[in-house]
Amino acid sequence: MSEPDLSAQLAKMQREWDQRARENARFYVNTERQEWTDAEFFESGERTVAEEILTDMINICQGKEPKRMRVLEIGSGAGRVTRALAKVFGEVYGVDISGEMVRQARAALADLRHVHIFQNSGKDLEVLGRLRFDFVFSSIVFQHIPSREVIESYVRSVRERLRPGGLFKFQLQGGEMEHTPEDTWLGATFSEEQAREMATRCKFEMRYSYGSGTQYFWLWYFRPRIFSRAWVRVAYRRWRARAARVLKKR
């Protein structure tokens, strides 16, 4: 897809998600029901975090204290999952293509000083500047993006901002569904092989997957740890010094 076509598609995505947010943001975020109370809506976010975050803390935290972690949610919508993430992690950022969704999320989460919501381009994380993250999460978002090019652009942008060893846990549309570039509700589909190829192109390690062939195709992309030669030399000298002390005690 050419750059002008991509720009037009992103503009259409933003326009239509703004329209959905004005019509009934909470329904389009979670289509379980048309009408949500505040308690019901945010409780549904708690369920998502309980099922997909709290059961996976070893992969997510890797020994870090959650309250010391900075995490990012892509497609934060009206703040449904964001509020639940804020109960677990020390600093939470969210991005969404829809300015109206961002407005509603900021209003709903105004009491949480450690939560920061931004409107982004719909394909990258440039709005966040040089911020780096310990963990990145996205749920029921990429299923609506009609372009594999846009999704891969997001993945590359996450790779640039995720700390070495960090996890990007997210969903793709894995079902056998037809879609068109004009449809901003039904997103591009991925097979297991296509998801693995994307991980390789974007320099991620796809360590786990779940739900291939379904609408909720979960992926665990880890950013490999990269150690410089200088770091290895320092580590080796420290190891030799410790070994020498141990031998001396003997």
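Taken together, the values in this text are just the output of simple stated rules run on the coordinates, not laboratory data. Source: prediction; values computed, not measured. Backbone-built Cβ (ideal geometry, glycine too); neighbour counts: all protein chains shown.
In degrees, nearest 10, range 0 to 90: what is the angle between the Cα axis of helix 3-29 and the longest Cα principal axis of the chain?
Around 80 degrees separate the two axes.
Using alpha-carbon pairs under 8 Å, 6+ residues apart, how would you state the relative contact order of the chain in percent?
15 percent
Could you line up Val102, Val81 from fewest to most neighbouring Cβ atoms inside 10 Å?
So the residues, fewest neighbours to most, are Val102, Val81.
Find the relative contact order for region 31-93 and round it to a whole percent, using C-alpha pairs within less than 8 Å whose residues are 6+ positions apart.
40 percent
Counting other C-beta atoms within 10 Å, which of Ser121, Ser191 has the fewest, and how do the rest follow?
Ser191, Ser121
How big is the convex hull of the Cα atoms of region 171-221, per residue, in Å³?
In region 171-221, the Cα hull volume divided by residue count equals 73 Å³.
Putting +1 on Lys and Arg Cβ atoms and -1 on Asp and Glu Cβ atoms, find which of Phe190, His116, Pro224 reaches farthest to the positive end of the dipole of region 3-249.
Result: Pro224, furthest along the dipole toward the positive end.
Go from 0 up to the bin containing the longest alpha carbon distance in region 108-250, width 5 Å each, and give me the % of pairs per bin.
That works out to 2, 9, 15, 17, 15, 12, 8, 6, 5, 4, 3, 2, 1, 0, 0, in percent per bin.
Taking Cα atoms, how many degrees apart are the long axis of helix 148-161 and the longest axis of the chain, rounded to 10 and kept between 0 and 90?
It works out to around 40 degrees.
Where does region 21-174 land on Rg(C-alpha)/(2.2 N^0.38 Å)?
In units of the 2.2 N^0.38 Å rule of thumb, it is 0.97.
Considering only Cα-Cα distances, which of the following residue pairs are longer than 21 Å: Lys87/Lys169; Lys67/Lys123; Lys64/Lys87; Lys169/Lys203; Lys64/Lys203; Lys12/Lys169?
Beyond 21 Å: Lys67/Lys123; Lys64/Lys203; Lys12/Lys169.
Quick check: net charge around Lys67, other residues with Cβ under 12 Å of its Cβ, Lys/Arg +1 and Asp/Glu -1?
Once positives and negatives cancel, what remains is +1.
Please report the antiparallel percentage of DSSP beta bridges with both residues in the chain, rounded to the nearest 5.
Counting DSSP beta bridges with both partners in the chain, the antiparallel share is about 35 percent.
Add -39500 (n - 2.57) for each DSSP H run of 4 or more in the chain, then divide by its residues: what number comes out at 222 nm, to the nearest 500 deg cm²/dmol?
It comes out at -14000 deg cm²/dmol, rounded to the nearest 500.
For Gly165, enumerate residues with amide H under 5 Å from its amide H, sequence gap 5+ or separate chain, H modeled in the peptide plane.
Arg223, Arg225
So for the chain, taking the charge dipole from beta-carbon charges (+1 Lys/Arg, -1 Asp/Glu), which of Met177, Leu54, Ala241 sits furthest toward the positive end?
Ala241
In degrees, nearest 10, range 0 to 90: what is the angle between the Cα axis of helix 192-201 and the longest Cα principal axis of the chain?
Roughly 60 degrees, rounded to the nearest 10.
Order these by the 10 Å Cβ neighbour count, fewest first: Met13, Met177.
Starting with the residue having the fewest Cβ neighbours, the order is Met177, Met13.
List the relative contact order of region 58-104 as a percent without decimals, with contacts defined as Cα pairs under 8 Å and 6+ residues apart.
It comes to 42 percent, rounded to a whole number.
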